[in-house]
Each structure stands twice: as C-alpha cells, then as structure tokens.
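The values are calculated or read from the model by the stated rules, or taken from the named source; none is laboratory data. All values derive from a computational prediction rather than experimental measurement. Glycine gets a Cβ as well: all are built from the backbone with ideal geometry, and neighbour counts include every protein chain shown.
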C-alpha cells in the first residue's frame, strides 16, 4: 500500500491559525478544518490528529511575520514545511477583496 500524504495549508495570524487540508490525490478536495490558537501545544495537538494512521503531513504557510515561529516548530519536529510567496497564495483577480483565514489557507494548500 502506498504512502498516505496530506497537504496542510496554514494561514498564520498573531492569535490564531486557520487550517485547510487536501489529500495527495489527483483533484483532491481542499477542506477547511478550522482555526486553532497560535500556540505550540495547539499545533502539536493538530499534528497528532491529522497524522493519525501514519499519514505523512506536508505543511505550507503564507510568508509573513507571524508564521516563522510555526515553521521552526514544525521543522524541529521533523515535518516538511514550506513558505509560499504572498503572490502565490492570494487571489489574482484585481477586483477581489484581500482574503484572510479560510481563503488564504485554502489557496496555500492548493498551491503546494
């Protein structure tokens, strides 16, 4: 049986982290999981929940001042984590309002 990989998109803010996940299959659906506090213990709990059954987790977050601590925390625990440029995580339509939370986490997950 092949490896089960889950991509996790994070939109990191000072107080919260919005989370979306997508399975590593062709046309995998991106699902909004929810928000957690931006705290190491909450992040560890999320990793434990998403990683059940031996799933391999691959994380991505939008570049910004609040995400580097999350990046270091995940990397220190042996998880793949990449930083996605803001221009790749945002909607490209000039008429679309800037998005936060669910939308950015979803696009970050989709862009990986």
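Given the residues 50, 10, which is the only one that is within 12 Å of the chain's Cα centre (by Cα), more than 23 Å from residue 87 (Cα to Cα) and surrounded by 14 or more Cβ atoms within 10 Å (Cβ to Cβ)?
The match here is 50.
Please enumerate the residues belonging to the range 40-62 that are over 17 Å from residue 25 (Cβ atoms) and assigned to a helix (DSSP H, G or I).
Result: 40, 41, 42, 43, 44, 45, 46, 47, 48, 49, 52.
Take the range 30-39 and flag every residue that is in contact (Cβ under 8 Å) with a residue 12 or more places away in the chain, within 14 Å of residue 20 (Cβ to Cβ) and either part of a helix (DSSP H, G or I) or out of contact with any helix residue (DSSP H, G or I) (no Cβ under 6 Å at 6 or more places or on another chain) (or both).
Those that are in contact (Cβ under 8 Å) with a residue 12 or more places away in the chain, within 14 Å of residue 20 (Cβ to Cβ) and either part of a helix (DSSP H, G or I) or out of contact with any helix residue (DSSP H, G or I) (no Cβ under 6 Å at 6 or more places or on another chain) (or both): 33, 34, 35.
Of all residues in the range 84-112 being in contact with a strand residue (DSSP E or B) (Cβ under 7 Å, 6 or more places away or on another chain) and loosely packed, with under 15 Cβ neighbours inside 10 Å, which is modelled with the lowest pLDDT?
100
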